[in-house]
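Participant: Mind having a look at this structure? Questions to follow.
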Amino acid sequence: MPQTEAIAPLELILNRTFNAPRERVFRAWTVASELDRWFLPTPGAKVKSSLDVRVGGVYRIELTAPDGHVHIATGVYREVQPPARLVFSWSATGSLEPVENTQVTVEFFETDDGRTQVTLTHQNFASAEMRNRHEHGWAACLDEMGVFFA
Amino acid sequence: MVKYDSRLDATFSALADATRREMLGVLMRREATVSELAAPHKMSLPAVMKHLRVLEQAGLVSQEKVGRERHCRLRAQALKPASDWIAQYRQFWERQFDALDRYLAETQPSTEEKKPCRKPKQLHRSN
């Protein structure tokens, strides 16, 4: 069904070029011991991830903020194409921007000078599942997000 | 921090439907009557009215009766909280990118960048 993209904010797209070969950048996203060293690096926070990187495999990233709050991002890998493409669902609980079943696509492109351009697309913010989040309401959770967005 | 109100849920719910997004797309360009909005959707008028009601309750559309017709208008400012919310996610990922950048720099043996010649690509292997 055609969608009116002009109406976005339904997705966001980010581009960044990293000073490293593609395989290496892909590894940083897909090896837990590596991801733990850079993902959600709030000063003083601890990150513990488990990544079952295969189609249908589950990942779970647990962040313990300095104040002891635990935030969890979890989902299922939908596409795994090393070292080019990674698609996974993204749900976040705790006070880490609560969303359910959004989708993240990370694409890794080799640039001419041997660097890696990463394109990240986060979409489905307005998926039907989002309607079921009334019990907590977003507003209350959002106030706590300052730890990440301060 | 951006201020959020309870309308955020309503906004996202309203946006979570392709028909309603298309209606908003039309209204972004111009005002339209209910029947104009209904035309491309092969939907009954009551069904269209129902979608409009959702949009109206989310504050995204206002209706005004002009003679025998109802004119619908986009209230674009009502999209701002949702747009701001997603902007925060953008910020989240930008921070992750910053962190990844630092991580890669710290853990990679420093090599000469900006090599004049291209690296051979391994994508296509010619036979």
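The values are calculated or read from the model by the stated rules, or taken from the named source; none is laboratory data. The model shown is predicted, which means the values in this text are computed figures rather than measured ones. Ideal geometry is used to build each Cβ from the backbone, glycine not excepted, and the neighbour counts take in all protein chains shown.
Participant: Suppose we filter B:Arg53, B:Arg29, B:Arg68 for residues that are more than 26 Å from B:Asp9 (Cα to Cα) and of a type in the set (D, E, K, R); which single one remains?
Facilitator: After applying the criteria, what remains is B:Arg68.
Participant: Next up: Quick check, is B:Ala38 over 30 Å from A:Arg115 (Cα atoms) and without any contact (Cβ under 8 Å) to a residue 40 or more places away in the chain?
Facilitator: Numbers: over 30 Å from A:Arg115 (Cα atoms): yes; without any contact (Cβ under 8 Å) to a residue 40 or more places away in the chain: yes.
Considered against the rule, which asks whether it is over 30 Å from A:Arg115 (Cα atoms) and without any contact (Cβ under 8 Å) to a residue 40 or more places away in the chain, B:Ala38 comes out as yes.
Participant: In addition: Just to be sure I understand the filter: pairs with C-beta atoms under 8 Å, separated by 6 or more residues or on different chains, first member in region A:17-41 and more than 9 Å from every other protein chain (Cβ to nearest Cβ), second member part of a helix (DSSP H, G or I). Which pairs pass?
Facilitator: Final answer for the pair search is A:Arg27/A:Glu34; A:Leu35/A:Ala28; A:Leu35/A:Trp29.
Participant: Which fully enclosed helices (runs of 4 or more DSSP H) of region B:22-127 have 3 or more residues being at pLDDT below 80?
Facilitator: Where helices (runs of 4 or more DSSP H) fall fully within region B:22-127 and carry at least 3 residues being at pLDDT below 80, they are B:80-107.
Participant: Sticking with this one: I'm told B:Arg70 meets every condition in (1) more than 10 Å from every other protein chain (Cβ to nearest Cβ); (2) of a type in the set (Lys, Arg); (3) loosely packed, with under 15 Cβ neighbours inside 10 Å except one. Can you identify the failing condition by its number?
Facilitator: Result: B:Arg70 fails condition (3) only.
Participant: Now a separate question. Is it the case that A:Leu51 is modelled with pLDDT under 75 and under 15 Å from the mean Cα position of the chain (by Cα)?
Facilitator: Taking the combined requirement at face value, the residue does not satisfy it.
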